[in-house]
Structure formats: structure tokens, C-alpha cells
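The values are calculated or read from the model by the stated rules, or taken from the named source; none is laboratory data. Predicted, not measured: the structure shown is a model, and the values here were computed from it. Cβ: placed from backbone, ideal geometry, glycine included. Neighbour counts: every protein chain shown.
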């Protein structure tokens, strides 16, 4: 068990597979940097793998003061036991005050195993992290500068702020896509610290027989404009409306869970709590009622247009432009209006 | 081979059916006002165990930790084909976070023989997906999370397919093993009518006591204990007594249970208030839409 260590650093687990760094740890670097500045401590990334030296430099460019590197052939492929054992050892050696993991499948598999081993707390799927003070209800004891681990719970119906004040490190997994990715600074300098951990075949209890990875058909996180359809679109055939509007706008087509479940479009396009979290400049919700689970994935959009024929749809409560009407009329009108604008501009340029 | 499967399940509030009334005025969740259901992915976990059993033989034991009312999902498990069900109920379990919960569950699983421990990937009230991996660590066994298909079993080895987010992975390892199961793994069976007829009267001792108290409010403590004991014996003879364990029976270290065993604490709970943003109504007419598009181009929202 590790107690409170105010000198402890802020750490990010730098998840990589086959030498390629995941996006989520990079997203976390910006937040970790900010927290470390508030706490006036160093920010470090923890990188495990085999022949991964060049990634360490990248982590420094994204804001790390230090990178703890454990380079070992036995860490080439992720396995829960070998990774958990290694990270537990470095945590016990340096006693960081905060450790953040991406809430990826790997992060959600690994972090609880680590938490159990070092008997520390862990908060899953955070959407925000802050530093704040907490007063214990019974004793009135004040704990300053704790990590506020903010997460939705009860299917997104409530927001809970979780803390741990007596057993550290304070650990959290953070949802993919909720923190803006920082811009790298190639001139940044940092320290690379090599760590040795004794591992044996016993730490690799599984044989990985096969692995099939596929690129996602669409990168919703990178899209500036998203056109999303819901159950209200009615059919897979009618979902062409969504594709057409997206096409005219150069936008990414997306969907609510209901539309995905109805088979209108592939799961890669799903926005919401069980899909992708997005924060585009413009989000157009077509025939989406806007259940809290959907809003969890898109409410941070800069502008939201909602098209729905039900005035009581919750989506209207967060929309900037509310269009109450039949999507089968509204969407074609939007396509037409957009095409006319483009033609006018072309004419203007030609003149 | 006579495999022993242990399935961990949880009774959860149906988060899809939460209304405003489910929140107390102080912003805390009014769990009692919510319909309690069998956690969906735990049904997939039970189904997976039953399917492996059908193919390879063995016995399926189902455990839940919760309030006395959680016996409801144990009966549901019996209707579907569980061989043995166990209720862990104890006031001292209250306020357990995932670490304390996994400790208590590990004490229970250690009381049993097991080859494969199976959990749902996550519960819909917290969506943490933490208890499975934490339980595996406490038991000192290997975990395979996000299992999305019926695994293959040959003697001492299991081969399972995991969903790794952007693809699939096939892994093989030696038993004992803990699996967490996703909703894609199978289509859970419905309750079998004959089993339902048989087990609908199955009860845990705590439920029997509650029932006696409801029927005879002024019964004294000694008489209650005596009568409950007698009723439990009668049910047990018919094979209808749900086993009930408490922390004393589990020989659990109380320092690792409940609030004291939970490093995470709640600082604050807020119910979601939908942000009232600056918004405008747009007429669904050609003009209304054209004006909106114009505005979005003007402010450079769209190129």
C-alpha cells in the first residue's frame, strides 16, 4: 500500500502496440501537463514494449518532463500479467501521486489489475480531471489538492466526482476523445529513464494465437463536421439522406446507437457513450431524440443543429439551431441550399 | 472432465428507465425507486457458462453480492439452469467500491472449487468493468477480458476470442481462468417454464425472516429465529433453500470490506442538467434553411 506522497509525479501510461502509440495517451498528456503544473511536480510517461526508444522522444514533445522506459523483448506484445507486474514495480519505486490510463480495451483490462495489486483506488472512464480540496464529512478533516475524478454514472444520468485521500496513487482511466490532443513541440527537452524489471515466461500465461486489426472505416474524432442520423431516419435506404448531406458538406456520416442497432449503418459510425466521443465544429443530428447516452458523446460540439419532428426531443435542449419538421423535407432543402451556395461562390470566383 | 464454473452476477437498477423521480432532492440516487434487473452482460456470462457446460459437462455455481432482494436474480439463474446459487449479503458490505467488492467476492470464490470464473464485462449502474480483472488478481489467476464468443475447451486449456476494440484477438491459456463476457458473446436463453415452476419458491434465509416479520409484526426475536430455522429446513429438504453467506462465514478481513476497504470516495454527485445554450428556432422552410446555411458559412462553421 502506498500512502499520500505530495512530491509524487503525474504519470500517463503510454499505451503502444507494435511500436505505434495510441491516440488516447497523447490526449491525456495535455491534461497531465496541466495538473502537474498546478501541483508543481514533474509529469512523466511510462512506456513499455520492445525496441520502443523512438516513441519516448515523441512523448517529450507532447509535454512529458520524463519518460520511464521499460524495453524488454518479453513486453513486445501486451499481456495483462507482464504489463501489470512491470508497472506495479515502477509505481512502487517512484510513488507517483497520479496515474492516468486511456479507457481503451487495454487500459480497462490493465488498470484494475494494477489497482488490485497495489491496493489503490481506480476510477473508470473519467470525462474530466481537476485538482480540488475535499472536507471529510464526519471529521471535517481537510484534504487539499486532490485529484477530482469526474465521470458519468448510472447510464449517464448523473455525474460523480470521485476522490481518494488516504491511499495513493490516485488512478483513473479516461475516455477516449474527451481531452483535446495537445500540439507537439519538437524543441521540448526531457529525460529518458531506463528501468529494468525481471520478467519470466510465467508472466506471459497466454499464447496469442491470432490477431486481426482493422482500421476504422471512419475517423469521427478528426471530423470537423458530422452528420448523424437516428432511428427517426426510418430505414437503411433512407439513410442515404445522411450520406448525401455529409457528402455535400465534406462531413463524416455518423449515427446514434438506435440507428446502428437497426442496421442503418456500421458501428464504426456510432456516437455516444458506447460509441465514439466527438467534439466537431458542427454536429447535425437528424432524427435523433438525443438520449443522455447519445449526448454524452457529442454535447461538446461547438455548434449543434437538431432536426426532429418531435418538439419534446431532448436533443432540442442542447441544440443551437432547432429545426422542428420532417427530416425528409428538411435534409433535401439543406442539400439544395448548400449546393446553391457553392455554385454562387464559383460564379463569383469566375467573375 | 468435471469442470467447475463460477458465475458472478449483479442486480442493478435499470438505468435506461430512470426518470427525474429517481433522484432524491439532495441529488443522490434513489435506488429503491428504480426497477432492479439482472445486469445484462451478466446474463451473457451465465449463458456462456451454461453453453460450455452443455458441451463439456460440469456444474455452474452462481454468486451475487447485494441486498436480500438480489435473490431475485439468483432465482432467475435457477430458471435458466444454474446448479447452485449463493447470496452474499451483509450490511458491512455496504459502500464497497470495486476494490472492496472484488476482495469480498474473492473470499467467496476461494470457498469453492473452480476452473473457470465468469463475469459480465461490466454492470450498467457503474460501467467500470473493474471487478472482473480485480477479482482475477485477488485469486491469482489469469484473465481474459472482453470475450465475445463461446470459447473452446480442451482438457486443461481454453481458447477464447476477445474484442480488442479495433479488431479481434484469439488467446489460449491454462485453467483456472477468469473470463469477462460482452453482450455480443451470445443470446441469453429465457427462463425455462418447468424450472420456473420448480424454483419460483426458492428463498434465501433473509427473505424467509422478512416474510415472517411481514406476516407476524409482533413476533419476538426467539420465536422468529426458531420459526425461520424450521422454514429454512423445510425448504432445504425440497432443494429450494438459497445458500446465504455473510462476511463471518467468508472469514473476510473487515478492514478490506465496505467503506474502510474502499480507497475511492464520493466527493460529489450531480444530476445532469442540460446546458441551456443560446439557441434559435429555424423554420423548416426553404428560406429558413437557406438563412441558417448562410449564417454558418459567414461565421466559418462550414467552409
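Observations on the model:
- Any hit, the stretch A:186-207, residues being in a strand (DSSP E or B), at the interface with chain B (Cβ under 9 Å from one of its Cβ atoms) and surrounded by 12 or more Cβ atoms within 10 Å (Cβ to Cβ): yes
- Residue within the stretch A:153-161 that is within 9 Å of chain B (Cβ to nearest Cβ), touching a strand residue (DSSP E or B) at 6+ places or on another chain (Cβ under 8 Å) and at positive phi present: yes
- Every condition in (1) within 9 Å of chain B (Cβ to nearest Cβ); (2) modelled with pLDDT of 90 or more; (3) not in a loop (DSSP other than H, G, I, E, B) is met by residue A:285 except one, and the failing one is (1).
- Every condition in (1) within 21 Å of residue B:3 (Cβ to Cβ); (2) more than 8 Å from every other protein chain (Cβ to nearest Cβ) holds for residue B:144 except the one numbered (2).
- Exclusive hit being without any contact (Cβ under 8 Å) to a residue 40 or more places away in the chain, part of a helix (DSSP H, G or I) and over 25 Å from residue B:125 (Cα atoms), set A:258, A:246: A:246
- Applying the condition of being surrounded by fewer than 24 Cβ atoms within 10 Å (Cβ to Cβ) and within 9 Å of chain A (Cβ to nearest Cβ) to the stretch B:107-125 and asking which residue is farthest from residue B:269 (Cα to Cα) yields B:124.
- Among the residues making up the stretch A:64-80, those that are surrounded by 22 or more Cβ atoms within 10 Å (Cβ to Cβ) and within 14 Å of chain B (Cβ to nearest Cβ) are A:79, A:80.
- Within the stretch B:92-106, the set of residues being surrounded by fewer than 20 Cβ atoms within 10 Å (Cβ to Cβ) and at pLDDT 95 or above comprises B:92 only.
- Residues of the stretch A:315-332 that are more than 9 Å from chain B (Cβ to nearest Cβ) and either part of a strand (DSSP E or B) or closer than 18 Å to residue B:296 by Cα (or both): A:331, A:332.
- Filter result for the condition that a residue is surrounded by fewer than 21 Cβ atoms within 10 Å (Cβ to Cβ) and closer than 30 Å to residue A:294 by Cβ, over A:159, A:163: A:159
- Taken together, the criteria exclude residue A:140 from residues that are assigned to a loop (DSSP other than H, G, I, E, B), more than 10 Å from chain B (Cβ to nearest Cβ) and crowded, with 24+ Cβ neighbours inside 10 Å.
- Complete set of residues in the stretch A:301-314 that are under 26 Å from residue A:153 (Cβ atoms), touching a residue at least 24 places away in the same chain (Cβ under 8 Å) and within 10 Å of another protein chain (Cβ to nearest Cβ): A:314
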